[in-house]
Amino acid sequence: MDTKEVMLDDITFENCGQEDIPGGSERLTCDFEQDTCSWYHDYSSSLLWDRNNGRFEDVSGNGKTVQQNPGVLCLWNQFCSTYISFSKGYFMLVKAEYNTDPSSVARLMSFPQPGGQTICVSFFYLIFGNSIGSLKFITKRSGEAETVVWMRSGTQGNKWRFADLTFTSDKPIQFVIEAVVGGEQGYIAIDDIVVSGSVDGSCPPERECSFQGSLCGLLPQPSADFHWNRITGASQPANSSGPTADHTLGTEQGLLRDQKTSADSNGRAFSPLRRPALSAGYYLSAELWRYPEGSRGAMMTAVMEPTPSDGECLTFWYYMEGADVGELSVLLQPADSHGNASRLWTKRGDQGRHWRHGRVTLFRPDTQFQVIFEAKAGGGPKRDVSIDDLIFVNGACPPAGRRPRQCPALGSALVHSLCIRASPPRFL
């Protein structure tokens with residue numbers, strides 16, 4: 001009898017109905033201890049996420065195979081002197097190695113979730129290494145292109161960090177968690193994803209906000225003259241001095257700087273590539289050109305829980321260009337107060353034609369509070385004030401000073417103006 005073969009390749013599903021989604025697809029809250037829950041791999045991508053507990057074989061510089069301890073991974077296998085520490089248990093991991101194509105991408109996907117609801121998403125992530133790419137949270141709505149709603153690029157330090165996001169959609173919405181390798185030394189990991197419906201139509205205040213998907217719970221201050229708007233650089237009018245590109249994605253004329261790299265004749269990476277952006281870059285703009293000099297616009301966070309005893313550090317990026325552009329301030333207001341806000345940080349006038357980094361320590365350990373971003377219009381002919389990429393981190397901000405261009409010690413990483421040294425082996 002003749003042997004016959006049947007082969008299939010590049011299978012895709014399009015315009016699937018709700019009845020085609022398998023049961024249990026809403027099981028997206030996942031600690032990865034048993035499996036990946038209802039998250040599934042995008043097998044059309046060049047790389048797959050690895051469900052890992054820190055125990056795997058690695059090749060050291062002398063060519064011998066070594067066994068790592070569970071929860072502790074050796075970062076630079078030439079020396080095995082710098083370690084990255086994961087929590088005990090399983091997590092999802094993408095590893096950058098010398099023999100991995102820097103443009104490799106791994107994607108973890110959900111099935112479409114029903115529309116007409118507010119969905120709260122939170123997760124822990126770790127991005128660490130001398131040469132590491134980016135982690136993105138992407139959404140896709142029925143009949144629309146993918147949208148990058150959250151992204152972190154480059155090393156974020158040898159520690160787990162927390163992200164929370166809010167989504168409201170009339171259409172079914174699909175989630176994608178994408179890791180771009182971007183280099184030759186490092187790790188990208190995620191764990192403890194929580195996906196839940198909102199309570200009373202709202203989610204807990206977000207600790208990070210890129211404005212890609214929403215206002216992150218920011219609301220207009222009732223006593224202000226006007227409110228800010230979430231916009232893209234493409235929507236700036238001629239009489240605005242606002243940025244043409246946001247800070248998160250850095251889009252310029254539809255192009256997105258990515259962690260993908262070109263290579264020379266020896267295969268060594270040497271320069272970033274640009275590719276068409278998945279989505280426009282959003283930021284928050286006061287649109288001062290619309291209002292007369294002296295007008296005041298303010299946005300405030302939802303009520304936040306008391307800070308730790310040593311406070312919290314709020315970091316953000318701001319853009320203020322043009323003569324007599326106006327003023328930007330950050331204020332802190334106790335939740336039970338009516339207009340009794342403390343001014344913590346202020347910048348006035350032209351700050352240059354680029355995004356600048358701002359930070360301020362919030363100290364309110366005894367009561368709930370709200371943070372207010374306030375802009376006052378100047379008298380210049382072209383004016384605007386914009387902010388992007390807000391992050392709240394436990395602990396006071398580091399002292400003011402210049403950000404070091406590089407960290408002098410091997411194994412140190414520059415994260416939020418701090419040189420963070422990789423930790424010795426330990427369990428969290």
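May I ask you to verify whether Glu206 is acidic (Asp, Glu) and part of a loop (DSSP other than H, G, I, E, B)? Taking the combined requirement at face value, the residue satisfies it.
Go through the residues of the range 243-255 one by one and say whether even a single one is part of a strand (DSSP E or B), at pLDDT below 90 and either on the phi < 0 side of the Ramachandran plot or touching a His at 6+ places or on another chain (Cβ under 9 Å) (or both).
There is at least one residue in the range 243-255 that is part of a strand (DSSP E or B), at pLDDT below 90 and either on the phi < 0 side of the Ramachandran plot or touching a His at 6+ places or on another chain (Cβ under 9 Å) (or both).
State whether the residues of the range 102-110 include one that is at pLDDT below 90, in the same structural domain as Thr36 (by TED's automatic domain parsing) and of a type outside the set (Phe, Trp, Tyr). Yes, some residue in the range 102-110 is at pLDDT below 90, in the same structural domain as Thr36 (by TED's automatic domain parsing) and of a type outside the set (Phe, Trp, Tyr). Restricting the search to the range 92-123, which residues are among the small types (Gly, Ala, Ser) and surrounded by fewer than 16 Cβ atoms within 10 Å (Cβ to Cβ)? Result: Gly115, Gly116. Do you know which residues across the range 209-239 are aromatic (Phe, Trp, Tyr), part of a loop (DSSP other than H, G, I, E, B) and more than 17 Å from the chain's Cα centre (by Cα)? Residue satisfying the conditions is Trp228 alone.
For the range 149-196, a residue qualifies if it is aliphatic (A, V, I, L, M) and over 15 Å from Ala106 (Cα atoms), and the qualifying residues are Val149, Ala163, Leu165, Ile173, Ile193, Val194, Val195.
Looking at the range 176-205, which of its residues are more than 18 Å from Phe91 (Cα to Cα) and in contact (Cβ under 8 Å) with a residue 60 or more places away in the chain? Full working, then the answer.
Residues of the range 176-205 that are more than 18 Å from Phe91 (Cα to Cα), as a first pass: 182-185, 196-205.
Passing the criteria: Gly182, Gly183, Glu184, Gln185, Ser196, Gly197, Ser198, Gly201, Ser202, Cys203, Pro204, Pro205.
Per the conditions (1) touching a helix residue (DSSP H, G or I) at 6+ places or on another chain (Cβ under 7 Å); (2) modelled with pLDDT of 85 or more; (3) surrounded by fewer than 20 Cβ atoms within 10 Å (Cβ to Cβ), the sole criterion not satisfied by Ser309 is (1). Kindly establish whether Phe86 is buried (at least 20 other Cβ atoms within 10 Å of the Cβ), modelled with pLDDT under 90 and of a type in the set (Phe, Trp, Tyr). Criteria met by Phe86. Scanning the range 316-363 for residues that are free of Cβ contacts under 8 Å to residues at least 60 places away in the same chain, buried (at least 17 other Cβ atoms within 10 Å of the Cβ) and on the phi > 0 side of the Ramachandran plot yields a count of 1. Applying the condition of being in contact with a Lys or Arg (Cβ under 8 Å, 6 or more places away or on another chain) and among the hydroxyl-bearing types (Ser, Thr, Tyr) to the range 215-246 and asking which residue is surrounded by the most Cβ atoms within 10 Å (Cβ to Cβ) yields Ser241.
The values are calculated or read from the model by the stated rules, or taken from the named source; none is laboratory data. Just so we're clear, the structure is a prediction, and the values are computed from it rather than from any experiment. Using ideal geometry, Cβ is built from the backbone for each residue, glycine included, and neighbour counts are taken over all protein chains shown.
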